[in-house]
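The values are calculated or read from the model by the stated rules, or taken from the named source; none is laboratory data. These numbers were taken from a predicted model, which means no experiment stands behind them. Positions of Cβ are backbone-derived with ideal geometry, glycine not excepted, and every protein chain shown enters the neighbour counts. Note: areas computed on protein heavy atoms with side chains; ligands, DNA, RNA excluded. Shrake-Rupley method; radii C 1.70, N 1.55, O 1.52, S 1.80 Å.
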Amino acid sequence: MSSIKKVVLAYSGGLDTSVILKWIKKHYNCEVVTLTADLGQGEELDGIEDKALRTGASKAFVEDLREEFVRDYIFPAFRANAIYEGRYLLGTSIARPLIAKRMVEIANMEDAQAVAHGATGKGNDQVRFELAAMGLDPRLKTIAPWREWDLKSRSDLMAFAEENGIPIPVSRTKPWSIDANLLHVSFEGGELEDPWNAPGPDCFRLVQPIEKTPDEPEIITIDFEAGDPVAINSVKHSPAALLQKLNDLGGKHGIGRVDMVENRFVGMKSRGVYETPGGTILHLAHRDLEGLTLDREVMHLRDSLIPKYAEMIYYGYWFSPEREALQAMIDKTQERVTGTVRLKLFKGNIIPMGRKSPYSMYNPDLATFEEDVIYDQSDADGFIKLVGLRLKGRMQQSKWGGRDSDD
């Protein structure tokens, strides 16, 4: 411990990191610099620099990383249609590599010997933070208090905070662990630890309950260029502003709420509620445009890699050579995913109504059910015979003579 003179802590201002800031100063007898990344948490960041300094930080960095977050992390993942276990759009997972990257940069700038995080020993975030730090600067040590101290529960943390005069935004009646950014809000803990319990009314932040959504649908268009969204209703926005606009639209119409039990990387199941309104709209719109613009075999190959790509993000391998190599292939597939998708938003549903692209591969003269002069339907006879040849041969051998099928 004596070799650690300065630590950079990823600081959210919540219960865990507030206690950790004070605990590191006491336990390691060292200087603590905090980094708070503004990824779209909103009011949660009000007064956070002052709180960090009052809790004992020697410096408190509060940095607006919203545009970088959406442009360099969310959009690349959405070009890949990354989704974990068929439902989770990786709102927490995709934020961790950016926070870790900036934490490492500040550690180098401040001549710190270590970085620290507030992830528990049961969760995925400890892996994500530490793998990212290893991939960026393996010289830095990592302090993970949840794996070191004798505080065993959030009740213990609340008692520590009260004893040390640390203001906390968590009460014993609302004990959730909440993660919020521009892509999503997640809720874990509390009554959600029983998978049979329905989420309470306070587990809503971005998304309106269906019962409170408008009774009239809303029709929007989204323009894409090379796989990335650039405009809503023909009005261009920066990446962060565009996602915020879609969050407002999706939340208004009850879109993007997922309640699921997932498989954590560390080997246990956990239950979480995720609200991802804008991301859910983008995911569906992007897939719809790809149907018009991607070659069949390119799409099927990319789709076969979605689970692996999503695992790389979920498991913490953003800064890995395999993720970077796969990203290069995915980005190649997106060069012609340019065009416009028209959508209807209504009562939790996203309904595609039309799509167009200068790179459309759809040929109405080929697809028509009316008479055409391009496609000779009799050609299908030979095609079917060729693709079915192995099936025909297998049955001839096993049923009507030849080599026994069990050989």
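Other residues within the sphere of radius under 11 Å centred on the Cβ of residue 336, judged by their own Cβ, net out at -3 (K and R +1, D and E -1). Taking each of 25/51; 245/344; 308/392; 5/269; 25/152; 308/344 in turn, the alpha-carbon distance tops 26 angstrom for 308/392; 5/269; 308/344. Here the chain is treated as a sphere whose radius is the Kirkwood value from Cα pairs; by Stokes-Einstein at 37 °C and 0.692 mPa s it diffuses with a coefficient of 138 µm²/s. Straight-line cross-link reach from residue 356 at under 20 Å between alpha-carbon atoms covers these aspartates and glutamates, not counting any fewer than eight positions away in the same chain: 218, 223, 225, 228, 288, 290, 295, 335, 365. The apolar share of the surface of the chain, taken as the fraction of accessible area on carbon and sulfur atoms (1.4 Å probe, ligands and nucleic acids excluded), comes to 51 percent.
Pairs from the list 22/101; 101/141; 22/59; 212/252 with a Cα-Cα gap above 20 Å: 22/101.
Mind giving me the FRET efficiency for residue 332 and residue 202? R0 is 45 Å, r the Cβ-Cβ distance, nearest 0.05 is fine. Between residue 332 and residue 202 the formula returns 0.50.
Only lysines eight or more places from residue 385 in sequence, or on another chain, were considered; those with a Cα closer than 26 Å are 399. Counting DSSP beta bridges in the chain, what percent are antiparallel, to the nearest 5? Looking only at bridges with both residues in the chain, the antiparallel portion is about 70 percent.
Approximating the spin labels as points 7 Å out from Cα along Cα→Cβ, the residue 53-to-residue 395 distance works out to 8.0 nm.
Quick one: order 257, 342 from most to least accessible surface, probe 1.4 Å.
Descending order: 342, 257.
Only helical runs count toward this figure. For the chain, summing -39,500 (n - 2.57) over DSSP H runs of n ≥ 4 and dividing by all residues gives -11500 deg cm²/dmol at 222 nm. Counting only Cα atoms, the range 38-111 measures 43, 29, 21 Å along its principal axes, largest extent leading. For the chain, the longest principal axis of the Cα atoms and the long axis of helix 96-109 meet at an angle of about 40 degrees.
A simple packing score, the average count of other Cβ atoms within 10 Å per residue, orders the peptides 277-283, 12-18 as 277-283, 12-18, with the highest score first. Across the range 77-144, how large is the tail of the calculated P(r) beyond 14 Å, expressed as a percent of all Cα pairs? Cα-Cα pairs of the range 77-144 separated by over 14 Å account for 60 percent.
Return one whole number: the accessible area per residue of the range 1-145 in Å², for a 1.4 Å probe.
Averaged over the residues of the range 1-145, the accessible area is 37 Å².
For the range 254-338, the alpha carbon positions stretch 38, 36, 19 Å along the principal axes, listed from largest to smallest.
Start at zero, step by 5 Å, and the Cα-Cα distances of the range 61-219 spread as 1, 7, 13, 15, 18, 18, 14, 7, 4, 2, 1, 0 percent across the bins.
Here the translational diffusion coefficient of the range 250-400 follows from Stokes-Einstein with Rh set to the Kirkwood radius across Cα pairs; for 25 °C and 0.890 mPa s it amounts to 124 µm²/s. Think of a 1.4 Å ball rolled over the protein heavy atoms: the range 189-283 then has 47 Å² of accessible area per residue.
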